[in-house]
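Everything below concerns the one structure shown next.
Derivation of every value follows stated rules applied to the coordinates shown; laboratory data play no part. Being a predicted model, the structure only gives us computed values, none of them experimental. Virtual Cβ from ideal backbone geometry, glycine too; neighbours counted across all protein chains shown.
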Amino acid sequence: MQIYEKLEKCLKSVREKTDFVPKVALILGSGLGDYADGIEAVATIDYHDIEGFPVSTVAGHKGRFVFGHVEGVPVVIMQGRVHYYEGYPISDVILPTRLMGLLGAKTLFLTNAAGGLNPMFNAGDFMLIADQISSFFPSPLIGENIDELGPRFPDMTDLYSARLRDVIKSCARSLDIPLREGVYMQLTGPAYETPTEVRMYRQLGADAVGMSTACEAIAARHMGLSICGISCITNMGAGMSGRPLSHEEVKEAGDKAAPLFKKLVTASIAAIARA
Ligand code: HPA
C-alpha cells in the first residue's frame, strides 16, 4: 500500500475511536513507558486496533496511544515505539509520528534511552537534545515526496527548537534537575556499538547514541512540527565503563531515572504549552 494511503487509513481508524485533538505529541522511551499510566486519560487505543499499524516486538515495550491531559495540556502519548531494527520499513517506523501530526499535534516531544559518549556524562544523566546526526541511518523521507505532508527538501536548521530548549532548561533549573545538552546520534542497532565505533562517533560530534528518535524528528520537521527531545543516559558507550553493555542494565538505569524524568517531562509540557 502507498505510504500516504496507509497513513490516511490509520488516521481514519483512530478518528473512528476518538475525536481528541492533541497539542503536544509525546513519544516515550524505555524507562518512561509507564508515564502514560499516571495521566488523566480520555481515550487509549491499542496499536493492534489500528489497521495497518506497526506493532513493537521488543519485550517490555507497550504499544498504545494514550490521549489525555498533562497539567491541562491536551497530549497524545505513544506508549511504545517501533524501531528500525525490528525489521519494519523506515516509512512504518515513522508512521506513528506522522499520524500524531495529522491528529493535530503541533509539538513533538521525544524521549529515549541513550548511551553516553561525552566523557563528562554519567549514567543516569539527562541530556537535552541540541541537534542530531542521522548520517548512518536511512532517511525516512526517501522515496516519492508526500507533498500533502511537506516539501521535498525540508530544512533541518534549528531542528530541536532553540525556543523549546530554553523553556525546558528553565524548567530543569526550577526543579533543580541537572540537565546536560548535546548531540544525539541514531544508529540502526540492534547490536550495541564497538568501543572503536564509540570513539569514532564521539570524534564525529555525538554526545549520545541510540536506536530511535532522529528519524522521528526528521519526519516531524518535514510536516512542520516544533520538536524537542530529552535522552536519558542509561549507560556510557561501549568500552567507556570497562563493563559489557546489556539491555537489562539499560532498562534498570531507565527505571531508576524515571521518577525525575517524569517530573521534568510534565513540567516541560506545561511550560511549552504556555510559551
Ligand atoms: N547504544 C545504543 N543505543 C543505546 C545505548 C547504547 O549504548 N544505550 C541505550 N540505548
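Just subtract the alpha-carbon distance of Asp166 and Lys256 from 0.36 nm times their residue separation and send over the number in nm, one decimal.
Using 0.36 nm per residue and subtracting the Cα-Cα distance, I get 29.8 nm.
Relative contact order for the range 125-203: what is it in percent, counting Cα pairs under 8 Å that are at least 6 residues apart?
Computed value for the range 125-203: 56 percent relative contact order.
Cα to Cα, under 17 Å, and not fewer than 8 places away if on the same chain: which lysines meet these conditions relative to Lys23?
Of all the lysines, those that pass the test against Lys23 - Cα under 17 Å, at least 8 places apart if same chain - are Lys106.
I'd like the Karplus ³J(HN,Hα) series for the range 269-275: coefficients 6.51, -1.76, 1.60, θ = phi - 60°, whole numbers in Hz, and an x wherever there's a Gly or Pro.
Rounded to whole hertz, the list is 4, 4, 5, 4, 5, 7, 5.
Counting pairs of alpha carbon atoms under 8 Å apart in space and at least six apart in sequence, what relative contact order in percent does the chain give?
So the answer I get is 26 percent.
Convert each backbone phi in the range 78-89 into a coupling constant with the Karplus relation 6.51 cos²θ - 1.76 cosθ + 1.60 (shift: θ = phi - 60°), then list the ³J(HN,Hα) values in order as whole Hz, x for Gly and Pro.
Once rounded to whole Hz, the list reads 8, 8, x, 10, 9, 10, 4, 5, 6, x, 6, x.
How much length is gained on full extension from Glu8 to Ser241, taking 0.36 nm per residue of separation minus their Cα-Cα distance?
Difference between extended and current length: 79.3 nm.
Using each residue's phi in the range 206-213, evaluate 6.51 cos²θ - 1.76 cosθ + 1.60 at θ = phi - 60° and report the 3J(HN,Hα) Karplus result to the nearest Hz, with x for Gly and Pro.
Coupling constants for the range 206-213: 8, 9, 8, 10, x, 10, 8, 6 Hz.
What number, rounded to the nearest 500 deg cm²/dmol, is the helix-based mean residue ellipticity at 222 nm of the chain, given -39500 (n - 2.57) per DSSP H run of at least four residues and division by all its residues?
About -10000 deg cm²/dmol.
Round to the nearest 0.05 the FRET efficiency obtained for Met120 and Asp158 when R0 = 25 Å and r is the Cβ-Cβ distance.
E(calc), rounded to 0.05, equals 0.55.
Fewest first, what order do Thr44, Thr196, Thr111 take by the number of other Cβ atoms within 10 Å?
So the residues, fewest neighbours to most, are Thr196, Thr44, Thr111.
Note the full-extension length gain between Asp34 and Asp19 as 0.36 nm times their separation in residues minus their Cα-Cα distance, in nm to one decimal.
3.0 nm
Describe numerically, in nm with one decimal, the distance between label points set 7 Å from Cα along Cα→Cβ at Ser174 and at Val55.
For the pair Ser174/Val55, the computed spacing is 4.2 nm.
Considering only DSSP beta bridges whose two residues both sit in the chain, what percent are antiparallel, to the nearest 5?
40
Where nothing but the Cβ of Lys and Arg (+1) and of Asp and Glu (-1) is charged, how large is the charge dipole of the chain around its Cα centre, in debye to the nearest 20?
500
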